[in-house]
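Enquirer: The structure's right below; bear with me while I get my questions together.
The values are calculated or read from the model by the stated rules, or taken from the named source; none is laboratory data. Since this is a predicted model, take the numbers as computed values, not measurements. Every residue, glycine among them, receives a Cβ derived from its backbone with ideal geometry; neighbour counts consider all protein chains shown.
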Amino acid sequence: MTGLYVMAVVYIGAGLNHFIFPKMYQRLMPPYIPYHKSMVIVSGAAEILLGLALFFSSTREWAAWGIIFLLIAVFPANIEQVRNKKARMGLPVWLIALRLPLQFVLIWWAWCYTAM
C-alpha cells in the first residue's frame, strides 16, 4: 500500500504545481492544442482529484483508470518537450527523452491499482 500512497502524493503534488507554475506547463503544450492556460488548469485539477481519490477504496479503481487516461492525454506534451527547445527549459534533450518511456512505467504503476 505504500506505493499507492506515494502515487497519490505524487499526483497531488504534480497537480498543485500546475497552479504554482502554470507558465512552465503552458510551454509544454503543443501548438495544435487550444486554450493552453485552461488545459493546464484542467489537467492540474484532474491530477489533484485523482490523487485524492486514490486514498479511498471506493474510488481507487476509477482514479487509477483516470490516471491512465490522463497520462495518455498528456503524452503529446512530453513529445513537445523533446521536440521544442523552448519547452525543454534548458535541460538536455536526452534527459527529457528519458521521460517518454517513463510514461509507460507510470501507466503500468496506475494499472496495478485498477483491480483492487
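Enquirer: Check every one of the helices (runs of 4 or more DSSP H) wholly within the range 28-116 and list those with 1 or more residues that are small (G, A, S) and in contact with a helix residue (DSSP H, G or I) (Cβ under 7 Å, 6 or more places away or on another chain).
Expert: Fully inside the range 28-116 and qualifying: 36-53, 57-73, 93-97, 99-111.
Enquirer: For the range 67-116, give me each residue that is of a type in the set (G, A, S), in contact (Cβ under 8 Å) with a residue 40 or more places away in the chain, within 20 Å of E47 (Cβ to Cβ) and out of contact with any Lys or Arg (no Cβ under 8 Å at 6 or more places or on another chain). Break it down into steps so the answer makes sense when it comes.
Expert: So the first thing to find is which residues in the range 67-116 are of a type in the set (G, A, S), and the list is 73, 77, 87, 90, 97, 110, 115.
Applying the additional criterion that residues be in contact (Cβ under 8 Å) with a residue 40 or more places away in the chain yields 77, 87, 110, 115.
If we keep only those that are within 20 Å of E47 (Cβ to Cβ) too, we end up with 77, 87, 110.
Matches in the range 67-116: A77, A110.
Enquirer: Determine, yes or no, whether A87 is of a type in the set (A, V, I, L, M, F, W, C) and at pLDDT below 95. First the steps, then the outcome.
Expert: On the way: of a type in the set (A, V, I, L, M, F, W, C): yes; at pLDDT below 95: yes.
Yes; evaluated as a whole, the condition is true for this residue.
Enquirer: Specify the residue that is surrounded by the fewest Cβ atoms within 10 Å (Cβ to Cβ); the eligible residues are those in the range 17-59 that are of a type in the set (D, E, K, R) and within 19 Å of I79 (Cα to Cα).
Expert: Pass one, the range 17-59, residues of a type in the set (D, E, K, R): 23, 27, 37, 47.
Pick out the ones that are also within 19 Å of I79 (Cα to Cα) and you get 23, 27, 37.
On the way: K23: 9, R27: 17, K37: 12.
Among residues in the range 17-59 that are of a type in the set (D, E, K, R) and within 19 Å of I79 (Cα to Cα), the one surrounded by the fewest Cβ atoms within 10 Å (Cβ to Cβ) is K23.
Enquirer: Please state which one of Y5, Y25, Y35 is in contact with a Phe, Trp or Tyr (Cβ under 8 Å, 6 or more places away or on another chain) and not polar (S, T, N, Q).
Expert: Y5
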